[in-house]
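Only one structure is covered here, and it is reproduced in the block below.
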Amino acid sequence: MLVQDIMQRDVVAVSPETPLARILSSFQRRGIRHLPVTDGERLVGIISDRDLKGAIASVATSERATPLSRLDDLTAADIMARAVVTIAPMFAVEEAARLMVTRKISALPVTEDGHLMGIVTDWDVLHLFVRALGVTEPTSRIDVVLGADAHALNTVVHAVTRAGGVISSILTITSPVSGLREAMIRLATINPGPAIKALEAEGFTVRDSWRG
């Protein structure tokens, strides 16, 4: 799946000259945490709720002017971050997730030739993850320790299907505790018993069975 498939296209944006009062209103009215700043259609910065709080706190503690007069003078250009991490719409979703994790940011403006096309937030990625795992449907999850066998996943899938199980999703990951590969398998049933028995008969360790 690509970034363009999950990005928010109806993006609220402001110009660099937008006064603080309007910026505050946009955050409160829309319930957003990030506000792109554009000059025409070109992205020139971004304001996060953290930037906004920091600017207000800085003015409030300033001894050079009264807080009210300074706040009235602030514009988007005064508080926005100018070095913006962006992503293109045709990149894979996992690249957006990687950027957000490694850069420790929670939103990525989506741009094409410098023009703002949309925005992807950590909520969008999390929502996709929930959908991909199928947890919104009446299913059950089993965790299977795959170990070092490169063909273990094939054996697991065959064992589950032979037992009549219908697999909704599979996610493989290396356990940070044991260092072994594990498969998180979601079945389209609330009774994973037959699949668990079939897997244990093949010698697999099935752990943390959970019904949802």
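Would you work out the Kirkwood radius for the range 106-163? I mean one over the mean of 1/r across all pairs of different Cα atoms, in Å.
Numbers: mean 1/r = 0.0660 Å⁻¹.
Across the range 106-163, the inverse of the average 1/r is 15.1 Å.
Amide H to amide H, with H built 1.01 Å from N, residue 18 comes under 5 Å of 76, 77, counting only residues 5 or more places away or on other chains. Reducing the range 1-44 and the range 78-110 to their Cα centroids gives an inter-centroid distance of 14 Å.
What the pair-distance distribution of the range 138-211 shows, using all Cα-Cα distances binned every 10 Å from zero, is 21, 59, 19, 0 percent. With the cut-off at under 16 Å, measuring from each backbone N in the range 37-59 to a point 7 Å along the Cα-to-Cβ line of residue 115 picks out 38-44.
Taking Rh as the Kirkwood radius, which is the inverse of the mean 1/r over Cα pairs, what is the Rg/Rh value for the range 3-129?
Working: Rg = 15.3 Å, Rh = 15.2 Å.
For the range 3-129, the value is 1.01.
What shape does the range 1-41 have by the C-alpha gyration tensor, where a ≥ b ≥ c are the square roots of the eigenvalues, rounded means a/c under 1.5, and otherwise prolate means a/b greater than b/c and oblate the rest? The shape class here is oblate.
What nm value, rounded to one decimal, do you get for the distance between residue 136 and residue 155 when each label is placed 7 Å out toward the C-beta? Simple spin-label model gives 3.7 nm for this pair.
If you average 1/r over all unlike Cα pairs in the chain and invert the result, what Kirkwood radius do you get in angstrom? Display every interim value, and only then the final one.
Details: mean 1/r = 0.0489 Å⁻¹.
With all distinct Cα pairs of the chain included, I get 20.5 Å.
In order along the range 155-169, phi translates into HN-Hα couplings of 5, 4, 4, 5, 5, 5, 5, 5, 7, x, x, 10, 8, 7, 7 Hz, rounded to whole numbers, per the Karplus curve 6.51 cos²θ - 1.76 cosθ + 1.60 with θ = phi - 60° and x for Gly and Pro. Look at 204, 91 and count the other Cβ atoms within 10 Å of each Cβ; fewest to most, that gives 91, 204. Summary of the geometry: the range 154-173 and the range 117-141, compared by the centres of their Cα atoms, lie 21 Å apart.
Backbone N atoms of the range 1-44 closer than 17 Å to the 7 Å Cα→Cβ label point of residue 98 belong to residues 1-4. When the Cα positions of 71, 45, 178 are compared along the charge dipole of the chain, 178 comes out farthest toward the positive end, with charges on each C-beta of Lys, Arg, Asp and Glu. Normalising the average separation of contacting C-alpha pairs (under 8 angstrom, six or more residues apart) by the number of residues puts the relative contact order of the chain at 19 percent. Residues of the range 92-112 with an amide N closer than 15 Å to a point placed 7 Å from the Cα of residue 126 along the Cα-to-Cβ direction: 97, 100-101, 105-108. Here's how it looks for residue 205: its modeled amide H is under 5 Å from those of 145, which are all 5 or more places away or on a different chain.
Every number here is computed from the coordinates shown, using simple stated rules; none is lab data. The shown structure was predicted, so the numbers you read here are calculated from the model rather than taken from an experiment. Cβ coordinates were reconstructed from backbone atoms using ideal geometry, including for glycine residues, and neighbour counts include every protein chain displayed.
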